[in-house]
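One structure is given here, and the rest of the page talks about it.
The values are calculated or read from the model by the stated rules, or taken from the named source; none is laboratory data. All values derive from a computational prediction rather than experimental measurement. Heads up, the Cβs are rebuilt from the backbone with ideal geometry, glycines too, and the neighbour counts pull from every protein chain shown. Note: accessible area is taken over every heavy atom of the protein model, side chains too, but ligands, DNA and RNA are not part of it. Shrake-Rupley method; radii C 1.70, N 1.55, O 1.52, S 1.80 Å.
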Amino acid sequence: MLGHDLPEELDQFLAAREDELIAFRRDLHAHPEPGLAEHRTTRVVAERLAAAGLDPVVLPGGTGLLADIAAAENLYPERTVVALRADLDALPMDDEKDVPYRSAYPGACHACGHDVHTTVVLGAGLFLAEQARAGLLPGPVRLIFQPDEEGSTGAKDVIAAGGLASVGRVFAVHCDPRLDVGKLGIRSGAITAACDHIKVRVRGPGGHTARPHLTADVVYALGKVVTELPAALSRRVDPRSSLSLVWGRISAGSAANAIPDEGIAEGTVRCLDNEAWAAAPALIDELVRSVAGAYGATVELDYCRNVPATVNEEASAAMFATGAESVLGQDGVMPTQQSLGAEDFAYYLDCVPGALARLGTRPPGGADADLHQPSFDVDERAIGIGVRVMVATALTALWHGAAAPEPPAHGSLAGAAEGER
Ligand SMILES: [Zn+2]
Ligand SMILES: [Zn+2]
């Protein structure tokens, strides 16, 4: 079990380091870099880890890094590595806040809180490295700082570079601006949704609107696709999977009296359940063809796989709750809902067990805000809270997770995702 003095040790560590960590986060916030351009971010994280005596390794793509913290020598050789994951990338949008640490780069903003995640995992790593030096770390820990979460390529790059080798469990937190600072939201099972992009192109010969029977009326056919496809899906897919197709763009034609020869509709497919997600491309292709085919139009479906749902393993979610309770108290941990948002952390959980939790960042009594807003900011006490939670969760997993279960047998989903990208 966790050392009874862990909360006290964390208090001492943060009394000495919290100001430095907040300054580190503000520096990242002022210098945000979008996916795969996180060169400065990678460098400053690597420098801080090296200054703590760690030996970070930059990923082959030049951004993102891994750092291992070795356990007290041969103390528990059977223990697998516990990984803590952060993401480095910012969003391509302007920062509209009026704060001293506002983005110095036009068109880039840490509006998803990845600067906070990076600082939390860094802080947890610094604490665990001190524990290792004191001969107190009961098993090995890997810090994963991945690039490009928003573009959904970073987790796959980490896995391809061997970032999950010897890892038994992986944990991450994501900022939640609807949850008060000091709270952690956790659930077992799916916590984020799968999200794909689709583009439907309907084609026909085109012609005069006086004689639609001599053409394939692609505008009419496209209208049918747009309205009938979501309806048909609602009858062909288990409603519990909450598969939802929503169109975001539609375009066809240029004149009131001419039937065009092409029309396009684009949208997203979101889904709470990975089985329905796996079946979605073939089903949507079948439905699109049958609807458009009835009007003599030909149809092309461009189905672009994005990420699967993030499915928290039950034991890992319980470790998050146990670890967080030990440092935040029982009131600090609460159940959270599955969202229709997407997170590329899902790819790690296709390979090893683990869990993603929501880290409260709302100032108490503050208004609800959302991620991806140009005014997004956090109550910075969330950084110290995040460090406490990640450290306690990693130690809980090391003490209790020696015999991690076999990886879940749904690696096929990752394969499908790559094949159809
Ligand atoms: Zn985001
Ligand atoms: Zn995010």
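Below are the figures for this structure:
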quantity: Cut-off under 5 Å, modelled amide H: who pairs with Thr336 long-range; calculated: Ile186, Arg187
quantity: Area of Trp399 that stays accessible when all protein chains are in place (1.4 Å probe, Å², to 10); calculated: 90
quantity: By accessible area with a 1.4 Å probe, ligands and nucleic acids excluded, highest first: order of His110, His213; calculated: His213, His110
quantity: Partner lysines for Lys224 [C-alpha distance under 25 Å; skip if fewer than 8 residues away on the same chain]; calculated: Lys199
quantity: Assigned charges on the beta-carbon of Lys, Arg, Asp, Glu; the chain dipole about Cα centre (debye); calculated: 920
quantity: For the chain, accessible area per residue (1.4 Å probe, heavy atoms of protein chains only), Å²; calculated: 41
quantity: Magnitude of the charge dipole, region 1-150, Cβ model with Lys/Arg +1 and Asp/Glu -1, debye to 20; calculated: 280
quantity: Accessible surface, 1.4 Å probe, highest first, among residues Ser242, Ser103; calculated: Ser242, Ser103
quantity: Region 273-346 - Debye-derived log10 I(q)/I(0), Cα point model, q = 0.21, 0.22, 0.28 Å⁻¹; calculated: -1.00, -1.04, -1.24
quantity: Calculated Rg and Dmax of the chain using C-alpha coordinates, Å; calculated: 24.0, 85
quantity: FRET efficiency estimate (nearest 0.05) - Cβ-Cβ, Val99 to Glu266, R0 35 angstrom; calculated: 0.45
quantity: Dipole of the chain, positive direction: furthest Cα of Thr396, Gly341, Tyr105, with charges on the beta-carbon; calculated: Gly341
quantity: DSSP-defined antiparallel bridges as percent of all bridges, region 1-147, nearest 5; calculated: 55
